[in-house]
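The values are calculated or read from the model by the stated rules, or taken from the named source; none is laboratory data. Please read all numbers here as calculations on a predicted model, not as lab measurements. Glycine gets a Cβ as well: all are built from the backbone with ideal geometry, and neighbour counts include every protein chain shown. The accessibility values were calculated without ligands, DNA or RNA, using every heavy atom of the protein model including side chains. Shrake-Rupley method; radii C 1.70, N 1.55, O 1.52, S 1.80 Å.
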Amino acid sequence: MKKIYFYGSILGAMLTMAACSTQYDPVADYSDVTEGVTEEQEEIVFPDKNAVASYMTTLYDGKMRGRQEHWHLDKLLIAEAHSDNAYAGTTGAEVVPYEDNSIEGSNSVVARDWDRFMTDAAYATKLIVNIDKVADGSLSQSEIDSYRAQAEIYRAMIWFDMVRLWGDIPVIKTVAGNITADNIEDSYAAYFPAQNTELEAYQAIEADLLDAVQHAPAGNSADKTVLSRDVAKALLCKIYAEKPLRDYAKVIRYADELAAAGYDIIDDFTHLYGVDMTPQEEGSKNLKATPLELNTKEAILEIHYPSGSGNWESWMYGRSLENWDYSFTWAKWITPSRDLIKAFDEAGDVVRKNESIVYYPCSWSNYYPSDNYAFMYKCRSGYVSNIKYRYADILLLKAEALIQTGDLDGAATIIDRIRERAGLGKLPASARSGKDALLNAYLKERRLELAFEGERWFDLVRLDKVEEIMNAVYAKDSGRHAQKTPFTQNSYRLPIPQSVLDANDNLVQNPGY
């Protein structure tokens, strides 16, 4: 018999799915002693509707809003500082490797992200598997379907982030049972799973979303915080643009369905992340800093942070405008790069630059002179929303699909719409001269439109531009830390955390690490 060692990183994720009991002789009869299990010794996960509602509250408020380190902060670190958009910002040994391309499996950020993503996916799976077993039978079928669909969207969202980071990942659709003397060998695979292929992961994501499109709540123009069927369509659009599952016709289809549902780009780009700049009181540096708009027609999924809800990210990137000097004594993460600033300036893109980058004096000079230091500006207040998905991203993905399928005029028309909102003219004739030229113009447009929204690295990977762009940027950007290793095809995936490999013999490290 193989001896099983329970390590915290993997077991913590698995235990979210099931309580692990090492009691070898469980009580056989249903009684007060065994409250919480059925007569067949199955755990009662949800005794009633209130238990389900409480579980969903934790999903929305506790996980989506309360724990944004892995799905937002670290995603920005990877997508921006691991690309040409930003420097790491701080000097931390766990952060700088994203800038100089020296990430290893021992990196604590990598480990944190893996563990939390696995835990989040397991949380959703627990509901998906058990929602039709509510003990008192108080849920209608439509309620069961709706709850399951929301959990499927959440799990798909988590898996999508994971597969883009690591490629082959464990795709767990079942809940591990209690360990007994009789099943300990079989339980090993459940608690210590092997990886599925990247394609299998995308197919699992697709299956979740296709079910969710049928049963999730309808989109609500007054509340963009819900995991609605429109969120599922946005995710379908995004996954069909990716290499293993690429289907450009479906990218176009779901982008058009979102447009038919009323999604569009708003007229004023400054209202996406802008806040009320009125002082809280006369003479105060602290500003009201509440969002100019919430639930715009452009937002597909956003997380709101009203007063007291605990959005701490703003002081990770720069000043929190509602509390001007709070935690402004140490170097901030994700510092805008000179190469990105140059790209804005060369395009004459004043509107989007001013919404993306701001300059303040500070007490450090890691990348810029301390009296004129650049900061990321799209999260400038503790009250500003994290917009997970917005329609400009989806609309540009439609343009990408049109380019790849030969409709260059249709793609250029979309890109022109995005540019015109930013106060720029239409694409020049040189950018429309052929597929390669238009694709390069498109990639530049996504860079400026979506800067500091967690897309740049994944765009480079999806379009096979990592080596071309990233191996050249160090020589032309004088502010970057020196490159430690060149970017290759192996760079497209992050390393599996070493602590996870140590705990689970069934996982295999990605090539190059």
Relative contact order [Cα under 8 Å, 6+ residues apart], the range 90-203, whole percent
25
Solvent-accessible area per residue for the chain at a 1.4 Å probe radius, Å²?
39
Express the Stokes-Einstein translational diffusion coefficient of the range 402-445 in µm² s⁻¹, to the nearest whole number, given a Kirkwood radius over alpha-carbon pairs, 20 °C and a viscosity of 1.002 mPa s.
211
Any chance you could run the full-extension gain for Lys476 through Leu199? It's 0.36 nm times the residue separation minus the Cα-Cα distance, nm to one decimal.
96.1 nm
Label the range 65-163 by shape, choosing from rounded, prolate and oblate, from the square roots a ≥ b ≥ c of the eigenvalues of the Cα gyration tensor; if a/c is under 1.5 it is rounded, and otherwise prolate applies when a/b is larger than b/c, oblate when it is not.
prolate
Hydrodynamic radius by Kirkwood for the range 371-478, inverse mean 1/r across distinct Cα pairs, in Å, is 15.4
Per-bin percent of Cα-Cα distances, the chain [20 Å]:
21, 55, 22, 2
Principal axis dimensions, largest first and in whole angstrom, of the range 132-181 by Cα:
41, 37, 8
Please report, ordered by residue number, every helix of the chain (full DSSP H runs) that is 30 Å or longer along its axis going by C-alpha atoms and whose mean Kyte-Doolittle hydropathy reaches -0.5.
108-130, 141-166
Find the relative contact order for the chain and round it to a whole percent, using C-alpha pairs within less than 8 Å whose residues are 6+ positions apart.
20
When we measure straight from the Cα of Lys250, which lysines land under 17 angstrom away, once same-chain ones fewer than 8 places off are left out?
Lys233, Lys238, Lys398
Share of the range 51-188's accessible area from carbon and sulfur, percent, 1.4 Å?
47
Could you work out the relative contact order of the range 286-401? I mean the mean sequence separation of Cα pairs under 8 Å and 6+ apart, divided by the number of residues, in percent.
40
Share of carbon and sulfur in the accessible heavy-atom surface of the range 384-503 [1.4 Å probe, %]:
49
For the range 467-513, place one equal point scatterer on every Cα, skip the solvent, and apply the Debye formula. What is log10 of I(q)/I(0) at q = 0.14, 0.17, 0.18, 0.20 Å⁻¹?
-0.49, -0.62, -0.66, -0.73
Which net charge results when you count Lys and Arg as +1 and Asp and Glu as -1 among the other residues whose beta-carbon is under 11 Å from that of Val134?
-2
